[in-house]
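Notes follow the structure.
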Amino acid sequence: MFNIGDYLTPMSLEPYPSDFYQQLLEKTGQAFFAYSVSQESFIYQSPSFIETYQGANVLVNPQGLLSLVHPEDQEYVRQSLRLLLDKGRVHQLELRVQLPEQEEQWVCLQLSLLARAEGDKVIIGRAEDITAVREYNDHLKKFSNKKDTILNILSHDLSGPLGIIHSLAQMLEQTFPPEGKAQALEIIRLIEQNSRKGAALIREFMSQEFLESEKTELITRRVNLVEKLKEAIEEYGGEKGTFLSKKVSFVSSKDEIFAMVDDLKFLQVLTNLLSNAIKFTPEGGTITVFLEDEETTVLVKVEDTGVGIPQKYHSTLFEKFTDARRPGLLGEESIGLGMSICKTLVEWHRGTIWFDSKEGKGTTFYIRIPKE
């Protein structure tokens, strides 16, 4: 007989009866279970677990639980269980399940491996339906990514014209005859002054957005990167669309590629790389995002046919306020923070970022991150 109290008795308190901890656990209303590896059967199920999964026949046949898992997640679950049995630890699992006569759900499994006195290994776990949480987060992150994209577009669309207005105002002031009306000269000075302030305001706002990203914590979850990258690229004209007279495309090696990422921050990296590619690619050029599934990692490439990065800036490109910052082809000012924060966010994902570039022949950025 499996007793929760055998494992949960606190060292600093007088032991309670073993059934006390079981009652305490069941009062939480959560779906807990214990599975004996040697017996290949459940030796404990909380009432919530039974209520959730009784219609799937897993109480009689535990192997039926795996059959509920989405086919594309089953190997992921098997590998995670092997890791749990070999190493005694595993990251929490996020997977899709299909219960009878219900819509597909996302479930988070938190697992631990314990050894009983008789040598049996017991997997203790908690199953939580996170479908609503994921849908809510997806909604928030979708619009947060849209916000970042709009900011980049505004920076691109407004910085260029404001810079041109500023330059024209300076030219008018220099060429206006000295005997010209004082009122006209004053108007020209106001145009020049306000266009300069407007451009500075945009740069300051974007700079603040980048700095705020560095202060927030990483919250990872298992996501389909194909879906997330498509959503981000659609803001720039779709998978094979055109944005600002430049063709933007997306190519993936598979229809679904899953990885544990903070998708909001990871997409911020992609958005910044796309924004830079757009700034430094002339009209009629192409920008392509590649997503490749590797054995234990995922590779993202952002390739453009732009003007390239001068060799003298290669070693300092990822530094804060780097001297490699340059105005875009339409005069868009650079903050000098974007690439530094991209590197930070990628490293938070235990990944690496690098690039290849030649002047006049374009640039390719590479990002490699582990799947788990």
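The values are calculated or read from the model by the stated rules, or taken from the named source; none is laboratory data. All values reported here derive from a predicted model rather than from experimental measurement. Ideal geometry is used to build each Cβ from the backbone, glycine not excepted, and the neighbour counts take in all protein chains shown.
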#### Entry: Lone unmet requirement of (1) closer than 29 Å to Glu135 by Cβ; (2) surrounded by 22 or more Cβ atoms within 10 Å (Cβ to Cβ); (3) modelled with pLDDT under 90 for Ile278
(1)
### Message
If Thr271 satisfies all but one of (1) within 17 Å of Ile233 (Cβ to Cβ); (2) at pLDDT 85 or above, what's the number of the condition it fails?
### Response
(2)
### Message
Return the residues of the range 21-49 that are under 23 Å from Leu85 (Cα atoms), surrounded by fewer than 18 Cβ atoms within 10 Å (Cβ to Cβ) and either without any contact (Cβ under 8 Å) to a residue 60 or more places away in the chain or of a type in the set (Phe, Trp, Tyr) (or both); say none if nothing qualifies.
### Response
Glu40, Ser41
### Task
Might you check whether a residue that is out of contact with any strand residue (DSSP E or B) (no Cβ under 6 Å at 6 or more places or on another chain), assigned by TED's automatic domain parsing to the domain that holds Lys358 and hydroxyl-bearing (Ser, Thr, Tyr) occurs anywhere in the range 276-290?
no
